[in-house]
Amino acid sequence: MSKRLKNFSWLITVLLLLSVALIGCSSENTSKEKDSASGDTAVKKGGDLHVAIDAQPPTLDPQVSTTTATKEIARHIFETLLVLSPDYEVQPMLAESVDKSEDGLTYTFHLRQGVKFHNGKEMTAEDVVASMNRWLTVSTRAANAIGKGQFTEKDKYTVELKIEKPTVGVLDVIASTNQFAAIMPKEIIENAPKEGVTEIVGTGPFKFVEWKPDQYIQVAKYDDYKPVEAKPDGLAGKKEALVDNIMFEVVTDGSTRLGGITTGQYQIAYQIPSDNYEQIASSSDMKPILNLYGGLTMVFNKKQGPFTDQKLRQAVNTGINNKDVLVGAYGNDKFYRLDNGLMYKDQAKWYTDAGKEYYNQNDKEKAKQLLKESNYNGEEVRILTTRDYEYSYNSAVVLKEEMEKIGIKVKLDVVDWATLTTKRNDPAAWDAFITGFSPVSLPTQTLPLDPGYAGWPVDEKLQQYTEQIRTAPSDKDAYAVWEEMQEYVWKDYVPYIKIGDYYTFHAYRNQEIKGNTYFEGMILWNTSLTK
Amino acid sequence: MKSYILKRILSLIPVLLIVSIVVFMIIHLTPGDPASVMLGPEASQEDVEQLKNHLGLNDPVYQQYFHWVEGVFQGDLGDSFFMDKPVTAAIIEHLGPTISLAILSQITAILIALPLGIFAARKRGTVTDQTFMGISLLGISIPHFLFGLFLIIILAINLRWLPVAGYRPLSAGLWEHIKYLIMPAIALGTGQAALIARMTRSSMVETLNLNFIKTARAKGLHERKVIYKHTLRNAFIPILTVIGQTFGTLVAGAAVTETVFNIPGIGQLIINSVERRDYMVIQGTVLMVTVTYVLINLIVDLLYGVIDPRVRLKKES
């Protein structure tokens, strides 16, 4: 052996030893996995549940923020007077019952007695009044749906809501899950700064313990929690904290969340990259949870620029192939659904397919004809999008191609998410933008139909419909108007194009936890660790 | 010596002033604001404007700058919009993980680089030398985070020896603390090692060619003594400079590696703060990083004198 080769021999030996060690340990590991898959899954109380969340919430005050991360964590700490069951029916929670006056102007909430906040204080009418009146102030969406309203205390356990005119869906809005009407102690509400409460005290089955910024948020079982007796059903019914602690660990990198759930470091991981769906679905240790995230949407600027022309908006809607856009955005067909309902198929009470003949037409010739009839003179239209959400960028690329096929010049303006949210408020800065909208409780809460929202759909007929829905004598009448309104949106006004519904997926370790359910977010009460 | 240190510290003032103005302007001229991020994607424009007014974000930029600088001179870097605490406290909290990681990475880097560099220098021109330098080139070329992901797949997912990601403070126990840092330290350390090894090799080769080394050998000194006592010591100044620079880079925060391994250090603090437009934290952190970088360079300059008496003598004369 030459001297040079001798110098290398130690390196080769080390590499060989390392490979042997790797192979040996991998096979040992496989057998361990098999053992765990066939193992016992009896329920045990206690223990810590580790949940990897994809983003840190800006605040834990659910009345203030519309972010998903806030909602996901806060729903375990705070409760509302009413909640929604998975079929979107309103159910009692902190309110035992609700009476509606004959004129529809007064709602009387009878509160459950003996419910205690996490600071030991009993929840009474004064806390509910303070919380609900603040909610009506900080949540424009609530104020828009309910109109001018005021909560007042009738007695220690009774609260009254008086509104100016009869309105459809008041209780649905109070029960809604996003920017929800959390009940907090009066003192905390009174001292709350505008950016959100600083003391996190609710009545839920878990109490807030600690928030280490960019690391974790810890909530612990609240021993004095008083559940309702009804059978658990989504957010409704009996809630029981079966684990001692839930550690919501902030893990912003998707591959790290995937790695952590694969090794069992976390029992639940939010927002796993969609490319890994098959890997999770075919695993015996992990299961995916597909959840409807909302509707992929292109919103037009109706205040300034070429899309102020209704014919041009109709041309785009007529010419695009929605399926191609959805495939481009999400790839796997498990992650999208072609549907034109502006309220979602899962919301039986409000869903309608009115105007479906104007959805996903993919009629390039008719689109070109509409383009000719419009005032479009060949200028470049700017689509605002972001790479922070890959689906947003990918769908914009396909939309650009589709629009160019019918003769519209398109330029993509790709910015980060924070820039997009600011830029879209400036009518001079864009012509269309791509975003996703999560489900809302009432058609009147649909953001891109709100005249004040970016896109500015200021249209007399649209506003008439909205008002008619709000003041309809019954839900049935309101639904009939909503059907007409949806048809008008697709056929004539086209303030935005809902491309389709989209899903994201979370993963959990099915051998290690049980009882976890999902409704507009993860539900981790009644969830236990198995042995 | 004292006047030299004082001069260096005073030279920090214009640097910090320029850095503060540039950072402030870049942040405030970039679209996006903390109020929109705080209220979420579906908040109304009206609510966002109200919160912006409340946070003083609609005041003229120069007014916001002077307000901030005034605070800085009083030792107050402002409050984080998102963390409900002063920026100083947020920085201190995030500095711990970064320093732990930087020290561990630097130890890894030095342990790999010095023997490798010395060995390559001694075998200069041979296949061994070329192989080692080739490997070090690979080390510089592979992005840290990519190497980190490979480590996760092998050491955490396949072998289950180490946790995938996360951080435990030293108070949780030494092993608990270190086991979360091993993979990121290797990922970062090997990259830095490549740089240090190349510098060690070239500096050693240069010194080995000098006449005093020939004299030492002619005197019949043991080769080990020639290498470690005479050559390495004389070759160490450029090596120390690189070590100092790499350490500075590590303390400034290895943003991507910290994100991949979910270590709540300075790098992740900067990235998260930029994403959520937490102006005060970005400004404060960049200021802190600048000071740290300049101070580390100062310490390295002072160490030159400790290692090389000639530098010390020049400064004294």
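Per-residue mean of other chain beta-carbon atoms within 10 angstrom of the beta-carbon, peptide A:252-261? Write down the numbers at each step before the final one.
Values: counts 7, 9, 0, 7, 11, 3, 3, 10, 8, 1.
Partner Cβ neighbours, averaged per residue: 6.
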Worksheet entry | Three-way shape call for segment A:92-200 based on the alpha-carbon gyration tensor, with the a/c threshold at 1.5 | oblate
Fill in: By average C-beta atoms within 10 angstrom, highest first, the peptides B:117-124, B:232-239
B:117-124, B:232-239
Worksheet item: In this model, which of A:K156/A:K221; A:K71/A:K349; A:K194/B:K52 are farther than 19 Å apart at the alpha-carbon?
Response: A:K156/A:K221; A:K71/A:K349
Response to the item:
The rounded separation in angstrom of the Cα centers of segment A:375-392 and segment B:126-200 is 42 Å
Worksheet item: With helices defined as uninterrupted DSSP H runs, which ones in chain A have an alpha carbon span along their own long axis of at least 18 Å and mean Kyte-Doolittle hydropathy of at least -0.5?
Response: A:3-37, A:125-138
Discussion item. Report the Cα centroid-to-centroid distance between segment B:82-108 and segment A:462-502 in angstrom, as an integer.
Written reply: 52 Å
Worksheet item: Any idea which of A:A428, A:Q464, A:M485 is furthest toward the positive side of the dipole for segment A:397-486, if Lys and Arg beta-carbons carry +1 and Asp and Glu beta-carbons -1?
Response: A:A428
Item to complete: Relative to the longest principal axis of the C-alpha atoms of chain B, give the angle of the C-alpha long axis of helix B:279-307, reported between 0 and 90° and rounded to the nearest 10°.
Response: 20 degrees
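Tell me, what is the Rg over Rh of segment A:49-136, with Rh the Kirkwood radius over Cα pairs? List each step's numbers first, then the result.
Working: Rg = 15.2 Å, Rh = 15.1 Å.
Here Rg/Rh amounts to 1.01.
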Worksheet item: Using bins 10 angstrom wide from zero, how does P(r) for chain B break down, in % of all Cα pairs?
Response: 5, 21, 25, 24, 15, 6, 2, 1, 0
Item to complete: Mind pulling up the Rg/Rh value for segment B:200-317? Radius of gyration and Kirkwood radius, both on Cα.
Response: 1.19
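For segment A:305-416, give the magnitude of the charge dipole about the Cα centre (Cβ charges: +1 Lys/Arg, -1 Asp/Glu; no others), in debye to the nearest 20.
Working: 18 positive and 19 negative charges, 45 e Å.
Rounded to the nearest 20 debye, it is 220 debye.
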Response to the item:
From the cross-link list A:K368/A:K476; A:K207/A:K423; A:K121/A:K238; A:K356/A:K400; A:K302/A:K372; A:K162/A:K212, the entries with a Cα-Cα span beyond 31 Å are A:K368/A:K476; A:K207/A:K423; A:K162/A:K212
Practice prompt. Quantify how strongly other chains surround peptide B:83-94 by giving the mean number of their Cβ atoms within 10 Å of each of its Cβ atoms.
Written response: 2
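Check each of the GluC sites (Glu not before Pro) in segment B:156-238 and keep only those in coil by DSSP with at most 11 other C-beta atoms within 10 angstrom; list them in order. Please list the in-between numbers first.
Working: sites: B:E176, B:E206, B:E223; in loops: none.
Taking segment B:156-238 and a limit of 11 other Cβ atoms within 10 Å, no loop GluC sites (Glu not before Pro) are found.
Based on the Kirkwood radius over alpha-carbon pairs, what is the Stokes-Einstein translational diffusion coefficient of chain A at 37 °C with 0.692 mPa s viscosity, in µm²/s?
On the way: Rh = 25.4 Å.
Rounded, D is 129 µm²/s.
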Item to complete: Please give the FRET efficiency for A:E278 paired with A:A480, using the beta carbon to beta carbon distance and R0 = 45 Å, rounded to the nearest 0.05.
Response: 0.55
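Let me spell out the model: positive unit charges on the Cβ of Lys and Arg, negative unit charges on the Cβ of Asp and Glu, origin at the Cα centre of segment B:2-73. What dipole size does that give, in debye rounded to 20? Mind dumping the intermediate values first?
Working: 4 positive and 7 negative charges, 180 e Å.
In debye, rounded to 20, segment B:2-73 gives about 860.
Taking each residue in B:153-165, count the Cβ atoms of any other chain within 10 Å of its Cβ, then average. What number comes out? Working shown, then result.
Working: counts 3, 3, 1, 6, 6, 6, 8, 10, 1, 1, 4, 14, 12.
The mean count of partner-chain Cβ atoms within 10 Å per residue comes to 6.
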Worksheet item: Roughly how tilted is helix B:266-275, in degrees to the nearest 10 and between 0 and 90, from the longest Cα axis of chain B?
Response: 40 degrees
Practice prompt. Quick one: what are the phi-derived ³J(HN,Hα) couplings along segment B:107-122, Karplus 6.51/-1.76/1.60 with θ = phi - 60°, whole Hz, x for glycine and proline?
Written response: 4, 4, 4, 5, 4, 7, 6, 4, x, 5, x, 5, 4, 5, 5, 5
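Going by a ≥ b ≥ c, the root eigenvalues of the Cα gyration tensor, does segment B:146-205 fall in the rounded group (a/c under 1.5), the prolate group (a/b larger than b/c) or the oblate group?
Values: a/c = 3.71, a/b = 1.80, b/c = 2.06.
It is oblate, given that a/c is not under 1.5 and a/b is not larger than b/c.
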Item to complete: Taking a cut-off of 17 Å between Cα atoms, list the aspartates and glutamates near A:K45, but don't count ones fewer than 8 places away on the same chain.
Response: A:D223, A:D224, A:E240, A:D244, A:E512
Worksheet item: To the nearest Å, what is the center-to-center distance of segment A:223-242 and segment A:106-161, using C-alpha atoms only?
Response: 21 Å
Worksheet, complete the sentence: For the protein assembly as shown, whose charge dipole is built from +1 on Lys and Arg Cβ atoms and -1 on Asp and Glu Cβ atoms, the candidate among B:I154, A:S284, A:G331 with its Cα farthest towards the positive end is B:I154
Worksheet entry | Alpha-carbon Debye profile of segment B:2-73, log10 I(q)/I(0) at 0.16, 0.22, 0.23 Å⁻¹ | -0.69, -1.00, -1.05
Practice prompt. Run down the lysines and flag those whose C-alpha is under 29 Å from the C-alpha of B:K123, throwing out any fewer than 8 positions away in its chain.
Written response: A:K3, A:K6, B:K214, B:K219, B:K225, B:K229
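Give me the extension gain from B:I157 to B:V61: residue separation times 0.36 nm, minus the current Cα-Cα distance, reported in nm with one decimal. List each step's numbers first, then the result.
Numbers: separation 96, 0.36 × 96 = 34.56 nm, distance 4.88 nm.
Length gained between B:I157 and B:V61: 29.7 nm.
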Discussion item. Can you compute the charge dipole magnitude of the protein assembly as shown about its Cα centre, using +1 on each Lys and Arg Cβ and -1 on each Asp and Glu Cβ, nothing else charged? Give it in debye, rounded to the nearest 20.
Written reply: 5300 debye
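From the gyration tensor of the Cα coordinates in segment A:294-503, what semi-axes in whole Å does the equivalent ellipsoid have, largest first, with each one equal to sqrt(5λ)? Display every interim value, and only then the final one.
Working: eigenvalues 128, 72, 61 Å².
Here the semi-axes work out to 25, 19, 17 Å.
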Item to complete: Please give the peptides B:195-202, B:11-18 ranked by average Cβ packing (other Cβ atoms within 10 Å per residue), highest first, as a rough proxy for protection.
Response: B:195-202, B:11-18
Worksheet item: In nm, to one decimal, how far is the B:S171 label point from the A:K212 one, both placed 7 Å along Cα→Cβ?
Response: 0.9 nm
Worksheet, complete the sentence: Excluding residues fewer than 8 positions from B:K2 in its own chain, the aspartates and glutamates with Cα under 12 Å of it are B:E316
Fill in: Charge-dipole axis of the protein assembly as shown as Lys and Arg at +1 and Asp and Glu at -1 on Cβ define it, positive-most pick from A:V115, A:V128, B:S44
B:S44
Worksheet item: With the Cα gyration tensor of segment B:133-274 giving a ≥ b ≥ c as the square roots of its eigenvalues, does the rule (a/c under 1.5 for rounded; else a/b larger than b/c for prolate; else oblate) give rounded, prolate or oblate?
Response: prolate
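Read-outs throughout are calculated quantities, based only on the coordinates presented, and are distinct from any laboratory measurement. Predicted, not measured: the structure shown is a model, and the values here were computed from it. Positions of Cβ are backbone-derived with ideal geometry, glycine not excepted, and every protein chain shown enters the neighbour counts.
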